[in-house]
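Peer 1: Below: one structure in structure tokens.
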Amino acid sequence: MEISLTEENYLKAIFFISGMEGNLVNTNAIAERLDTKAATVTDMLRKLKQKELIHYQPYKGSRLSEEGQVLAIRILRKHRLWETFLVEKLGFGWEEVHEIAEQLEHVRSQKLTERLSQYLGNPQFDPHGDPIPDERGVFPMRENLTLDKASAGEQVLVKGVKDSSPDFLSYVAKLGIRLGDEMQVIQIEPFDSSVLVSHQGLEFRLSAMACSNIYISRI
């Protein structure tokens, strides 16, 4: 089935909002995510329903059909593999790659996708720590533990970020924090829950908000 780039973007947006559980997604939520008008979304949902890529009930919401979910996960897999390629092989910063991967994710060749995955060593997580589904659409498991849940004295490993906006990624990059880095939690400030950490021989304080957006694992 041939689908347009815009249709692919809608499938991915519905998948992100509804999650693996396939919850009903309202039109306004899609419009907000894609920065478009609700009326435009409604027109597209009708088209996707005709192609049997979504289940859509006016005034109630929409969810992906089985085929729609397969396509959405396939697009997501390409996006995260390209982000990994751009960071690991071309030296882009993790705050730079999202917009480029948005373009590359629409390359249709499945053979290219699988060659890319093999070339990268079949990674399970992208540069932001987001899980990369395998060729069957299965996502690897990740413990969603964030830095604000750590205790003083603990040694932790940076596993990813919850907030992948360019502003937050740039902020973390300026601190020199990267995926896979080790940090030690030195002190937690009772007043504002900010955290003093030691990272690569330097000590600095992270706000509670920043800590709540950094995924970790305990060492």
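Peer 1: Here's a check for you: in the range 29-43, which residue that is of a type outside the set (D, E, K, R) and within 22 Å of residue 163 (Cβ to Cβ) is most open to solvent (accessible area, probe 1.4 Å)? Please lay out each step first, then the result.
Peer 2: In the first step, residues of the range 29-43 are kept if they are of a type outside the set (D, E, K, R); the result is 29-31, 34, 36, 38-42.
This time we only want the ones that are within 22 Å of residue 163 (Cβ to Cβ), so: 29-31, 34.
Numbers: 29: 30, 30: 0, 31: 9, 34: 56 Å².
Checked the range 29-43; the qualifying residue most open to solvent (accessible area, probe 1.4 Å) is 34.
Peer 1: Does the range 172-219 hold any residues that are touching a residue at least 60 places away in the same chain (Cβ under 8 Å) and in a strand (DSSP E or B), and which are they?
Peer 2: Matches in the range 172-219: 214, 215, 216, 217, 218.
Peer 1: Got a sec? Which of 89, 60, 111 is within 24 Å of residue 18 (Cα to Cα), loosely packed, with under 14 Cβ neighbours inside 10 Å and of a type outside the set (Val, Ile, Thr)?
Peer 2: That would be 60, the only listed residue that is within 24 Å of residue 18 (Cα to Cα), loosely packed, with under 14 Cβ neighbours inside 10 Å and of a type outside the set (Val, Ile, Thr).
Peer 1: Sticking with this one: Find all pairs meeting these conditions: Cβ atoms under 7 angstrom apart; at least six residues apart or on different chains; first residue within the range 40-61 and free of Cβ contacts under 8 Å to residues at least 60 places away in the same chain and over 15 Å from residue 26 (Cα atoms); second residue of a type in the set (Gly, Ala, Ser) and open to solvent by less than 70 Å² (accessible area, probe 1.4 Å).
Peer 2: Matching pairs, first to second residue: 52/65; 53/65; 53/68.
Peer 1: Shifting gears a bit: I want to confirm something. Restricting to the range 162-171 and keeping residues that are touching a residue at least 24 places away in the same chain (Cβ under 8 Å) and not aliphatic (A, V, I, L, M), which single residue is nearest to residue 218 (Cα to Cα)? Lay out the reasoning, then the answer.
Peer 2: Let us first name the residues in the range 162-171 that are touching a residue at least 24 places away in the same chain (Cβ under 8 Å), namely 162-164, 166, 168-171.
Narrowing the set further to residues that are not aliphatic (A, V, I, L, M) leaves 162-164, 166, 168, 170-171.
Working: 162: 17, 163: 20, 164: 22, 166: 26, 168: 23, 170: 24, 171: 23 Å.
Within the range 162-171, the match that is nearest to residue 218 (Cα to Cα) is 162.
Peer 1: If you don't mind, another one. Name, by its number, the condition in (1) in contact with a strand residue (DSSP E or B) (Cβ under 9 Å, 6 or more places away or on another chain); (2) buried (at least 20 other Cβ atoms within 10 Å of the Cβ); (3) in a helix (DSSP H, G or I) that does not hold for residue 46.
Peer 2: (2)
Peer 1: So which of 15, 85 is aromatic (Phe, Trp, Tyr), touching a strand residue (DSSP E or B) at 6+ places or on another chain (Cβ under 7 Å) and at pLDDT 95 or above?
Peer 2: 15
Peer 1: Hey, does the range 47-55 have a residue that's of a type in the set (S, T, N, Q) and under 22 Å from the mean Cα position of the chain (by Cα)? Outline the logic, then answer.
Peer 2: So the first thing to find is which residues in the range 47-55 are of a type in the set (S, T, N, Q), and the list is 50.
Restricting the remaining residues to those that are under 22 Å from the mean Cα position of the chain (by Cα) gives none.
The answer is no, given that none of the residues of the range 47-55 is of a type in the set (S, T, N, Q) and under 22 Å from the mean Cα position of the chain (by Cα).
Peer 1: Shifting gears a bit: Out of the residues in the range 137-156 meeting the condition of being open to solvent by 20 Å² or more (accessible area, probe 1.4 Å), among the aliphatic types (A, V, I, L, M) and out of contact with any Lys or Arg (no Cβ under 8 Å at 6 or more places or on another chain), tell me which one is farthest from residue 72 (Cα to Cα).
Peer 2: It comes out as 152.
Peer 1: How many of the residues in the range 1-16 are over 29 Å from residue 162 (Cα atoms) and either open to solvent by 70 Å² or more (accessible area, probe 1.4 Å) or assigned to a helix (DSSP H, G or I) (or both)? Write out each step before concluding.
Peer 2: Keep residues of the range 1-16 that are over 29 Å from residue 162 (Cα atoms), which gives 1-4.
Now narrow it down to the ones that are either open to solvent by 70 Å² or more (accessible area, probe 1.4 Å) or assigned to a helix (DSSP H, G or I) (or both): 1-2.
Within the range 1-16, residues that are over 29 Å from residue 162 (Cα atoms) and either open to solvent by 70 Å² or more (accessible area, probe 1.4 Å) or assigned to a helix (DSSP H, G or I) (or both) number 2.
Peer 1: Might you check whether a residue that is assigned to a helix (DSSP H, G or I), open to solvent by less than 20 Å² (accessible area, probe 1.4 Å) and in contact with a Lys or Arg (Cβ under 9 Å, 6 or more places away or on another chain) occurs anywhere in the range 17-27?
Peer 2: Yes, the range 17-27 contains a residue that is assigned to a helix (DSSP H, G or I), open to solvent by less than 20 Å² (accessible area, probe 1.4 Å) and in contact with a Lys or Arg (Cβ under 9 Å, 6 or more places away or on another chain).
Peer 1: Do you know which residues across the range 157-171 are part of a loop (DSSP other than H, G, I, E, B), surrounded by 13 or more Cβ atoms within 10 Å (Cβ to Cβ) and out of contact with any strand residue (DSSP E or B) (no Cβ under 7 Å at 6 or more places or on another chain)? Walk me through how you get there before you give the answer.
Peer 2: As a first pass, look at the range 157-171 and keep what is part of a loop (DSSP other than H, G, I, E, B): 162-165.
Now restrict to residues that are surrounded by 13 or more Cβ atoms within 10 Å (Cβ to Cβ): 162-164.
Correct list: 163, 164.
The values are calculated or read from the model by the stated rules, or taken from the named source; none is laboratory data. No experiment lies behind these values; they were computed from the predicted model shown. Every residue, glycine as well, gets a Cβ built from its backbone with ideal geometry; the counts of neighbours run over all protein chains shown. Note: accessible area is taken over every heavy atom of the protein model, side chains too, but ligands, DNA and RNA are not part of it. Shrake-Rupley method; radii C 1.70, N 1.55, O 1.52, S 1.80 Å.
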